Amino acid sequence: FTAGNVTGTAVIEAASGDLHTTAQVDIQNNITFTANVQNMTIDPGKSFDINVTANFGYAPIASKDSLFTWTCDPAIGTIDANGLFQATNQSGISGNIYVEYNGVQQTIPVQVGAASIDFADTATHWARDYIGKLAARGIVNGNNYYLPDDSLTRAQFLTMLAKTLSGLDVTQATPAGFADVPAAEWYYNYVNWGFETGIVKGMDETTFAPNEKITREQMAIMLDNFSTNTSLALPGMNAGVSFTDSKLISPWAVDAVNKIVSSGIMGGYPEGDYKPQGNATRAEAAKKIWMLKTPFHNWKI
């Protein structure tokens, strides 16, 4: 028996020779429904079949999952018409699955992979949340220790930016030709990608200085170029901010610093200075990356 499109009572008759019987079926549309999971934590790349139980009042109703409308936030994966959810391969991503019927929607929160990862030296650090969330997404890493207050190199920060982009294949970038960026080094493809996209330039035509500590004004340049390259619209929350050492900002970095500071991604120090030539730390970099990518833009979609 397959129910029609209208509510009411259907009578089914069955006969065989002198034998005859009937069955009554109530067809209802005003139902309540419950999924077999109310929230979900799932490993990256794994799948899970969600099933729905329907009721009319307290009475169970025969139904099938394909009668419901299934959707999910694109960042967390995909879901088919029968409620089979396929998680993204990215870790540290959260979002929702939505189940709808007859104008009623239920939401199932989903966490793909760990929401945050702690290191031995970040548990009490001011940047713990930023570092932990980026680590869960594979944007930053460490061998049990993150070394949050250590300086960051130009190549390291460029790599962090690249890892925020889903599906990016840096091996396809054209070689930049820097003499100090040999093909055997881990940052080779990232530097090629950054140079090709205009996110970063070399110190001169043949030198990139990948292991040189990145300055705060260089970081602002990369952040500005990255937002432009990825069409990331930044808000102007703090327009007109000035620093006691504004005259020390290099002329080629003034516009980028003003834009990134205005967006709220970077700021100054309690003393009122910006320290444009100061070396950025790994903790500061984590905060800037997190501020850049959220809440203004979705992660890795």
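The values are calculated or read from the model by the stated rules, or taken from the named source; none is laboratory data. From a predicted model like this one, the values you see are computed outputs, not experimental measurements. Cβ atoms come from the backbone with ideal geometry, glycine included; neighbour counts cover every protein chain shown. For the accessible areas, the whole protein counts, side chains as well, though only heavy atoms, and no ligand, DNA or RNA atoms are used. Shrake-Rupley method; radii C 1.70, N 1.55, O 1.52, S 1.80 Å.
Dipole magnitude for region 63-203: computed about the Cα centre from +1 point charges on Lys and Arg Cβ and -1 point charges on Asp and Glu Cβ, it is near 120 debye. The amide H of Ile27, built 1.01 Å from its N in the peptide plane, has Gly8, Thr9, Ala10 as neighbours under 5 Å, considering only residues 5 or more places off or on other chains.
For the chain, what is the number of Lys pairs with C-alpha distance below 13 angstrom, counting only pairs 8 or more positions apart or on separate chains? Display every interim value, and only then the final one.
Working: Lys133/Lys287; Lys133/Lys288; Lys133/Lys293; Lys163/Lys293; Lys163/Lys300; Lys247/Lys275.
For the chain, the number of qualifying lysine pairs is 6.
Ranking Gly267, Leu234, Pro251 by Cα position along the charge dipole of region 206-301, where only Lys, Arg, Asp and Glu carry charges on their C-beta atoms, puts Leu234 farthest toward the positive end.
Using only the Cα atoms of region 157-247, build the gyration tensor, take square roots of its eigenvalues as a ≥ b ≥ c, and label the shape rounded, prolate or oblate: rounded if a/c is under 1.5, else prolate if a/b is larger than b/c, else oblate. Could you put the intermediate results ahead of the total?
Numbers: a/c = 2.62, a/b = 1.49, b/c = 1.76.
Verdict is oblate for region 157-247.
The mean accessible area for residues of region 141-195, using a 1.4 Å probe and ignoring ligands and nucleic acids, is 49 Å² per residue. Dividing the mean sequence gap of close Cα pairs (under 8 Å, 6+ apart) by how many residues region 1-143 holds gives a relative contact order of 18 percent.
Using only helices, what value at 222 nm comes out for the chain when you add -39,500 (n - 2.57) per DSSP H run of length 4 or more and divide by the total residues, to the nearest 500 deg cm²/dmol?
-6500 deg cm²/dmol
How big is the dipole moment of region 175-253 about its Cα centre under a simple scheme where the beta carbon of each Lys and Arg is +1, that of each Asp and Glu is -1, and everything else is neutral? Debye, nearest 20, please.
The dipole of region 175-253 has a size of about 260 debye.
Separation of region 132-154 and region 230-298 by C-alpha centroid, Å? So the separation of the two Cα centres works out to 20 Å. The Cβ shell under 12 Å around Ala54 holds other residues with a net charge of 0, Lys and Arg each +1, Asp and Glu each -1. For the chain, a Gaussian network of Cα nodes joined below 10 Å ranks Asp18, Asp224, Asp26 by mean-square fluctuation, and the top entry is Asp18.
Would region 201-281 count as rounded, prolate or oblate if I go by the C-alpha gyration tensor, calling it rounded below 1.5 in a/c and otherwise prolate when a/b exceeds b/c, oblate otherwise? Don't skip to the end; give the middle numbers.
Working: a/c = 2.04, a/b = 1.23, b/c = 1.66.
Because a/c hits 1.5 or more and a/b fails to exceed b/c, region 201-281 counts as oblate.
Here the Karplus curve 6.51 cos²θ - 1.76 cosθ + 1.60, taken at θ = phi - 60°, turns the phi angles of region 41-48 into couplings of 10, 9, 6, x, x, 8, 10, 8 Hz, with x standing for Gly and Pro.
Hull volume per residue, based on the alpha-carbon atoms of the chain and their convex hull, is 199 Å³. The GluC sites (Glu not before Pro) of region 195-301 that DSSP puts in a loop, and whose beta carbon has at most 14 other beta carbons within 10 Å, are Glu205, Glu271.
Exposed loop sites here are chymotrypsin sites (Phe, Trp or Tyr not before Pro) in DSSP loop states with at most 14 other C-beta atoms within 10 Å. What is the longest stretch of the chain lacking them?
That would be 187-301.
For the chain, a simple Cβ point-charge model (Lys and Arg +1, Asp and Glu -1, everything else neutral) yields a dipole of about 500 debye relative to the Cα centre.
Please state the relative contact order of region 59-137 as a whole percent: Cα pairs under 8 Å, 6+ residues apart?
Details: 135 pairs, mean separation 19.0, N = 79.
Normalised by residue count, the contact order of region 59-137 is 24 percent.
Between region 83-108 and region 1-54, the C-alpha centres lie 22 angstrom from each other. When you restrict to C-alpha pairs under 8 Å that are six or more residues apart and normalise by the size of the chain, the relative contact order lands at 13 percent.
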